Amino acid sequence: MDELTRMTAVELAGQIAAGQVSAAEVTQAHLDRIAAVDPALHAFLHVDADGALAAAKTVDERRAAGERLGPLAGVPLALKDVVVSKGLPTTCGSKILEGWVPPYDATITRRMKDAGIIILGKANMDEFAMGSSTENSAYGPTRNPWDLTRVPGGSSGGSSAAVAAFQAPLAIGTDTGGSIRQPAAVTGLVGHKPTYGGVSRYGLIAFSSSLDQAGPLARTVLDAALLHEVIGGHDPADSTSIDAPVPALAEAARSGAAGDLSGLRVGVVRELGGEGYQAGVLDSFRQAVALLAELGAEVVEVSCPHFDYALPAYYLIAPSECSSNLARFDAMRYGLRLGDEDDASLEEVMSRTRAAGFGPEVKRRIILGTYALSSGYYDAYYGQAQKVRTLILRDFAAAYERVDVLVSPTSPFVAFGIGERVADPMAMYVNDLCTLPASLAGVPAISVPCGLSASDSPTPLPVGLQVMAPTLADDRCYRVAAAVEAALDARRGHPFLADAPALTGATAHTGATR
């Protein structure tokens, strides 16, 4: 493996800024890595080699001309295929958008380009971000670099696999109910869901508008913080965007890495752990909590009783919003269109197109959401779910009167086998047990690796620690996560992903598209 692909984003940016390597060389090294391992992983749906090299050349020219560039200029990135990018196919992992090329950039896409970040291509995902395994992609599943027979999480599984397999040092995911944090946990990465409204949603193809949030995936907390600072901030084009400055996230990460959490009050959520959680996950989590205490934090148990209702509330609110948002895919304006060949009626064109274009999970959620919003059932289902959401918000508010952050496992399980849960939607949904409360409340939450579970699978697999903080206190998440990361890396003598097995003897995946 090329040495450049093993470096963190901070290390690469430093070498590029010092003139030790060019952005073009860094980009080419990652493109070569993608060519070598992606046939086995299928992390990418589209690789834009020409565009990435052209952007890297521009960064090198700007630097040579003496222009002051951002701290991540020249660093490559994998972009989840739900984020609109001008001139690049954007499919949301769905056949209904196959071949669609947007005429504009999402706000976060534009901000990354302006910062000199190099977009390598579009990463695979569960169709319209609906799933926890990336098996719902219309273009085939992505595989976990730690074990190619297992999933990389979802819906941002392509993004997480790309970073964990050293195809890119950075990635963008989106999180509706845990789709950044859960993939980060099961692939050994750092993944942060920002405060809702802290990162623009303009140009994100909507699943559930009151929940969707873009955020960073990276191999280190500092890398994630720097990327978050690039994409964060107010956007007048997004009516849900918060008009407030982005906290000093990189500074918080650097502060946390010093390893002193004295004065910090940490709440362990009683309801997020115990029965139904894998033993190795709980062991790693308890060790991480003990580590927080060793670093000077005051650790107490906190009860948030309405967190137990987050799962049913989410699976009424999110499908309801998705049934409304996905109504726009009607074959009339863009995307797939079937029925013209035999002069079908307007209704028949819509019916045929949506039947062929949407996969089973998307159809399931549209039907569930339409039912929950229908006359006679709205108050009983959607209305009740929104009341539960308010109770969860109150649980958070009460907890934050006692503690500064809350912690839990990120997922009850390590990465499960491909095909293991596809036939059982409820078994798939429970992967989000720990991540849903923060999504429903709109508070920031981060997942950071906290160890390997040796008892839950034949191969030791990553476990994630989730850190949740109050609204707009994203910097607390980064500070605590960086402290955990630094302490565990010091004990191991190397970064966490150095434990990951090499991708050797992999079988090529035949479902990839380029």
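Computed from the coordinates by the stated procedures, all read-outs in this text should not be read as laboratory data. None of these values were measured; they are calculated from a predicted model. Ideal geometry is used to build each Cβ from the backbone, glycine not excepted, and the neighbour counts take in all protein chains shown.
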Dipole of the chain (Lys/Arg Cβ +1, Asp/Glu Cβ -1, origin at the Cα centre): which of 289, 133, 44 lies farthest to the positive side? 289
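For the range 1-157, compute the orientation-averaged projected area of the C-alpha convex hull (one quarter of its surface), in nm².
Details: hull surface 36.3 nm².
Averaged projected area of the range 1-157's Cα convex hull equals 9.1 nm².
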Report the label-to-label distance for residue 25 and residue 356 in nanometres (one decimal), using points 7 Å from each Cα along the Cα→Cβ vector. 5.0 nm
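So how strong a dipole does the chain carry about its Cα centre when Lys and Arg Cβ are +1 and Asp and Glu Cβ are -1, to the nearest 20 debye? Let's see the in-between values first.
Values: 41 positive and 57 negative charges, 45 e Å.
About 220 debye.
For every helix of n ≥ 4 consecutive DSSP H residues, a contribution of -39,500 (n - 2.57) applies; sum these over the chain, divide by its total residues, and give [θ] at 222 nm rounded to the nearest 500 deg cm²/dmol.
Details: 17 runs with 196 residues, N = 514.
Computed ellipticity for the chain at 222 nm equals -11500 deg cm²/dmol.
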Can you give the FRET efficiency to the nearest 0.05 for residue 377 and residue 299, using r as the Cβ-Cβ distance and R₀ = 30 Å? 0.10
Largest first and rounded to whole Å, the semi-axes √(5λ) derived from the alpha carbon gyration tensor of the range 143-195 read 17, 12, 8
Extension gain from residue 240 to residue 398, taking 0.36 nm per residue of separation minus the Cα-Cα distance: 54.4 nm
Quick one: the Cα spread of the range 111-183 along its three principal axes, in angstroms, biggest first? 36, 24, 22
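Going from the alpha-carbon gyration tensor of the chain, what semi-axes, largest first and in whole Å, does one get by taking the root of 5 times each eigenvalue? Please list the in-between numbers first.
Details: eigenvalues 195, 173, 94 Å².
The answer is 31, 29, 22 Å, longest axis first.
Please compare each pair in 193/363; 86/363; 113/363; 57/86; 57/95 to a cut-off of 23 Å on the Cα-Cα distance and tell me which ones are over it.
With Cα atoms farther than 23 Å apart: 193/363; 86/363; 113/363; 57/95.
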Stokes-Einstein at 4 °C, 1.567 mPa s, Kirkwood radius from Cα pairs: D for the range 206-267 in µm² s⁻¹? 94 µm²/s
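Given charges of +1 on the Cβ of Lys and Arg and -1 on the Cβ of Asp and Glu, with all other atoms neutral, how large is the dipole of the range 20-148 about its Cα centre, in debye to the nearest 20? All intermediate terms of the calculation are to be shown ahead of the outcome.
Numbers: 13 positive and 16 negative charges, 79 e Å.
With only Lys, Arg, Asp and Glu charged at Cβ, the dipole is about 380 debye.
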Viscosity 1.306 mPa s, temperature 10 °C: Stokes-Einstein D of the range 327-370 from its Kirkwood Cα radius, in µm² per second? 146 µm²/s
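Counting other C-beta atoms within 10 Å, and keeping those with at most 14, which DSSP coil GluC sites (Glu not before Pro) do you find in the range 332-415? Could you put the intermediate results ahead of the total?
Values: sites: 341, 347, 348, 361, 401; in loops: 401.
For GluC sites (Glu not before Pro) across the range 332-415 that sit outside H, G, I, E and B with at most 14 neighbouring Cβ atoms in 10 Å, the list reads 401.
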Let me check the size of the range 4-65 from its C-alpha atoms; what are the radius of gyration and Dmax in Å? 12.5, 40
Expressed as a rounded percentage, what relative contact order does the chain have, with Cα pairs under 8 Å and six or more residues apart? 18 percent
What is the spread of the Cα atoms of the range 173-307 along each of their three principal axes, largest first, in whole Å? 44, 35, 28
May I ask you to derive the FRET efficiency for residue 54 and residue 332 from their Cβ-Cβ distance with R0 = 41 Å, giving the value to the nearest 0.05? 0.70
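In the P(r) worked out for the range 283-386, what percent of Cα pairs fall beyond 23 Å? Present the calculation step by step, with values, prior to reporting the outcome.
On the way: 2869 of 5356 pairs.
Of the Cα pairs, 54 percent sit more than 23 Å apart.
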State, in angstrom, two size descriptors of the range 355-413 derived from its alpha carbons: Rg to one decimal place and Dmax to the nearest whole number. 17.3, 52
For the range 347-449 (alpha-carbon point model, no solvent) the Debye-based log₁₀ I(q)/I(0) at q = 0.12, 0.24 Å⁻¹ works out to -0.64, -1.26
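Would you please name the trypsin sites (Lys or Arg not before Pro) within the range 342-450 that are DSSP coil residues with at most 11 other C-beta atoms within 10 Å of their C-beta? Don't jump to the answer; show the numbers that get you there.
Details: sites: 352, 354, 363, 364, 365, 387, 389, 394, 402, 421; in loops: 402, 421.
Within the range 342-450, the qualifying trypsin sites (Lys or Arg not before Pro) (loop, at most 11 other Cβ atoms within 10 Å) are 402.
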Normalising by the residue count of the range 331-402, find the relative contact order in percent from Cα pairs under 8 Å and 6+ residues apart. 18 percent
Dipole of the range 241-395 (Lys/Arg Cβ +1, Asp/Glu Cβ -1, origin at the Cα centre): which of 374, 272, 324 lies farthest to the positive side? 374
Could you work out the Rg to Rh ratio of the range 392-490, with Rh taken as the Kirkwood radius (inverse of the mean 1/r over all Cα pairs)? 1.02
Residue list for the range 201-233, given a label point 7 angstrom along the Cα-to-Cβ vector of residue 113 and an amide N cut-off under 18 Å: 201-205, 230-232
Where the Cα atoms of the range 88-231 are projected onto their three principal axes, how long is each span, largest first, in whole Å? 38, 37, 28
By the scheme Lys and Arg +1, Asp and Glu -1, what is the net charge of all other residues having a beta-carbon under 13 Å from that of residue 352? -4
